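A.B. asks: Would you mind keeping the following structure in view while I ask a few things?
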Amino acid sequence: MADFDINDIKRRMDGAVDSLKTEFSGLRTGRAHVSLLDPIKVEAYGTPTPINQLGTITTPEARMISVQVWDQSLAPAVDKAIRNSSLGLNPVVEGGLIRIPIPPLNEERRAELARTAGSYAEQARVAVRNVRRDGMDALKRLEKDNEISEDEHKKLADQVQKLTDERIETIDDLLKHKQDEITKV
């Protein structure tokens, strides 16, 4: 059974769920949270660098994020990266300190964010199903090459399907939680 590893399938499916959690952390819900800036990369020293590697990020208030940039010469680049992101934020630069007020969400923006969360979840479901398909194809090949029996193929296919169902359910739960968080005023 050199071509089939159930743990590898589980790892790849968990990777899709983890990726979804990362995507969701970038969707703002009207409250300030340091992970809101995680997807933003700043052009620093010639390479795209995560913002949290260029300064200290804190939330001094419920609707405010502050970034204390360690190298003040990078403050304009951090400001530009935040403004150019899809988050719709307008930072205020005060030397090496960048204050980012988080505006309250209107109903239209909430609906748009809920739709975006739904599309992220669908991408994660597709990724999990692709891993399932790869696993099932590997099992068919192994059975065809007489490396595993029909009974063993069925048993392993049931395990792959169970993993798939569990990950899809997790994705649906994460989506429901995120949409509730977004739509709550």
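The values are calculated or read from the model by the stated rules, or taken from the named source; none is laboratory data. Source: prediction; values computed, not measured. When we count neighbours, we look across all protein chains shown, and the Cβ atoms used for this are built from the backbone with ideal geometry, even at glycine. These accessible areas exclude ligands, DNA and RNA; they are computed on the full protein's heavy atoms, side chains included. Shrake-Rupley method; radii C 1.70, N 1.55, O 1.52, S 1.80 Å.
A.B. asks: Taking the chain as the reference, fit the longest principal axis to its C-alpha atoms, fit the long axis of helix 75-84 to the helix C-alpha atoms, and give the angle between the two in degrees, 0 to 90, nearest 10.
C.D. replies: It works out to around 60 degrees.
A.B. asks: Would you mind calculating the gained length between residue 31 and residue 83 on full extension (0.36 nm times residue separation, minus the Cα-Cα distance), in nm to one decimal?
C.D. replies: 16.9 nm
A.B. asks: Among the listed pairs 10/178; 80/184; 21/140; 10/162; 10/184, which have their C-alpha atoms separated by more than 22 angstrom in this model?
C.D. replies: Pairs exceeding 22 Å: 10/178; 80/184; 21/140; 10/184.
A.B. asks: Taking only the Cα atoms of the chain, how large is their convex hull per residue, in Å³?
C.D. replies: 130
A.B. asks: Give the accessible surface of the chain per residue, rounded to a whole number of Å², with probe radius 1.4 Å and ligands, DNA and RNA excluded.
C.D. replies: In whole numbers, the chain has 57 Å² accessible per residue.
A.B. asks: If amide hydrogens are placed 1.01 Å from N in the peptide plane, which non-local residues have theirs closer than 5 Å to the one on residue 64?
C.D. replies: Residues meeting the criterion, in which the H sits 1.01 Å from N, are 32, 102.
A.B. asks: Another question, if that's okay. Would you calculate the separation in nanometres between label points at residue 109 and residue 64, each defined as 7 Å from the Cα along the Cα-to-beta-carbon direction?
C.D. replies: Taking the simple label geometry, residue 109 and residue 64 are separated by 1.8 nm.
A.B. asks: Sticking with this structure for a sec: Quick one: with all protein chains in place, what share of the accessible area of the chain is carbon or sulfur, to the nearest percent (1.4 Å probe)?
C.D. replies: The nonpolar share, carbon plus sulfur, comes to 49 percent.
A.B. asks: How far, in degrees from 0 to 90, does helix 107-144 lean away from the longest principal axis of the Cα atoms of the chain, to the nearest 10?
C.D. replies: On a 0 to 90 degree scale, this one is about 30.
A.B. asks: Which net charge results for the neighbourhood of residue 72, defined as the other residues with beta-carbon distances under 14 angstrom from its beta-carbon, given Lys and Arg at +1 and Asp and Glu at -1?
C.D. replies: Within the 14 Å Cβ shell, the charges total -3.
A.B. asks: Got a number for the accessible area of residue 149? Probe 1.4 Å, square angstrom, nearest 10.
C.D. replies: Surface accessible to solvent at residue 149 totals approximately 60 Å².
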